[in-house]
Amino acid sequence: MQQPSLKGQFLTDSIEIGRPFRYALTYRHPPTAEVLFPDTAYHFLPFRVKEVTVSPTLTTGEGKIAVSRDSAVYTLISFETDSVQLLQVPIRLVNANDCTVIMSQIDTVFLRTHLKSPGSKSKFPKNLSLASETELAKLQQQFNYPVLGEVLLAAWALLTLIYLLFGRQMRRKWHLYQLYLHQKRFLRDYTKLSQQLSAENASEVANQAVIIWKTYLEELERQPYASLTTPEIAERTGDERVADALREADRMIYGGEFSGQAFDALRVLRTVAVQAYRRRRSSIQEATQPLHFSEETIPSTRS
């Protein structure tokens, strides 16, 4: 029976720094032997293993003369500057109780370089001096995306914490601010109409004032004031002053009548709207309830 043999050799006699080259490892052994090839993580140092091609076990012959062959080709890369570089790798035979280590023969590879040694004949002068460059080179600014991501994550976490701690209070204040802005707009437009009221335009001004008033109350109290008649509104509010004021407005709108009670009627409607605003504000201060005002909610009378 042929004795086991281990052979490792470079498939080239010279290499270049950073360029891949190959190393072949072959082991012949009895078919019953269990073989472990070297670990690519540290058995090939100082070389780095880029790729491994393992060939299937090939067995020739039969019986006692049978021989199996395991082989692998390793693609290596070297970054060493030594002119001569050596490699010897181990394999392990698995026994019943332990493993037997077998080392390959040492193989040599030479580093091929394009730099000329100082003693070689070259066209360059022997005495060379380095030229100094003192001007600063401008480097292109690069945006630090990881830092940006960390800043955005920290800002998001801070905003979330603020919302959890003060979200309810902030929503309440925002709702109150919205309510104040719409009340201020209503008073501005309604007062402007009231000041324009006269015998010549009583019908038109009174109609616009009542529309603005009904729309504003509808948003405040969630009641369909725009579609209700004067008696229905008086019944819902339970305020006889509202009924009298709306009847006076109806006389101006539909009858074209203008009297000294016209200004008092509009003033009553304004007072009722202010009282409704105060009730709504108090309810928001006690419990957060979202408002749904929009720019189209209260019609503007500005030309």
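Applying both filters, DSSP loop and at most 11 other Cβ atoms within 10 Å, to the GluC sites (Glu not before Pro) of region 131-224 gives E133, E135, E200. When every alpha-carbon pair in region 139-263 is counted, what percent end up more than 23 Å apart? Pairs farther apart than 23 Å: 55 percent.
Apply the a/c threshold of 1.5 to the C-alpha gyration tensor of region 1-98 and tell me whether it is rounded, prolate or oblate. Prolate, because a/c is 1.5 or more and a/b exceeds b/c.
The listed residues I15, I162, I65 rank as I65, I162, I15 when sorted by accessible area, largest first, using a 1.4 Å probe. Taking a ≥ b ≥ c as the square roots of the eigenvalues of the Cα gyration tensor, region 177-235 is classed as oblate, since a/c reaches at least 1.5 and a/b does not exceed b/c.
Accessible area per residue for the chain is 69 Å², calculated with a 1.4 Å probe on protein heavy atoms, without ligands, DNA or RNA. Take the chain and mark each of the chymotrypsin sites (Phe, Trp or Tyr not before Pro) that is in a DSSP loop with at most 14 other Cβ atoms within 10 Å; the longest unmarked stretch, sites excluded, is 144-303. Computed over protein heavy atoms with a 1.4 angstrom probe, the accessible surface ordering of K192, K138, largest first, is K138, K192.
Across region 161-175, coupling constants 3J(HN,Hα) worked out from phi with the 6.51/-1.76/1.60 Karplus curve, θ = phi - 60°, read 5, 4, 5, 5, 7, 10, x, 4, 5, 5, 5, 4, 5, 5, 5 Hz, and Gly and Pro carry x. Accessible area ranking (1.4 Å probe, heavy atoms, ligands and nucleic acids excluded), largest first, for H182, H43: H43, H182. In the complete set of protein chains, residue-level accessible area for T191 is approximately 50 Å², probe 1.4 angstrom. Ellipticity at 222 nm from helices only: DSSP H runs of n ≥ 4 in the chain, each -39500 (n - 2.57), divided by the residue count, give -14000 deg cm²/dmol.
In units of the compact-protein estimate 2.2 N^0.38 Å, the chain shows a Cα radius of gyration of 2.50. By accessible area, using a 1.4 Å probe on protein heavy atoms only, the chain has 54% of its surface on carbon and sulfur.
Looking at the chain alone, DSSP beta bridges between its own residues are antiparallel in about 95 percent of cases. Within region 1-68, the GluC sites (Glu not before Pro) that combine a DSSP coil assignment with at most 11 other C-beta atoms in a 10 angstrom radius are E34, E62.
The values are calculated or read from the model by the stated rules, or taken from the named source; none is laboratory data. For clarity, every value in this text was computed on a predicted model and none was experimentally measured. No Cβ is skipped: glycine too gets one built from the backbone with ideal geometry, and neighbour counts run over all protein chains shown. Remember, those area values only see protein heavy atoms, side chains included, never the ligands or the DNA or RNA. Shrake-Rupley method; radii C 1.70, N 1.55, O 1.52, S 1.80 Å.
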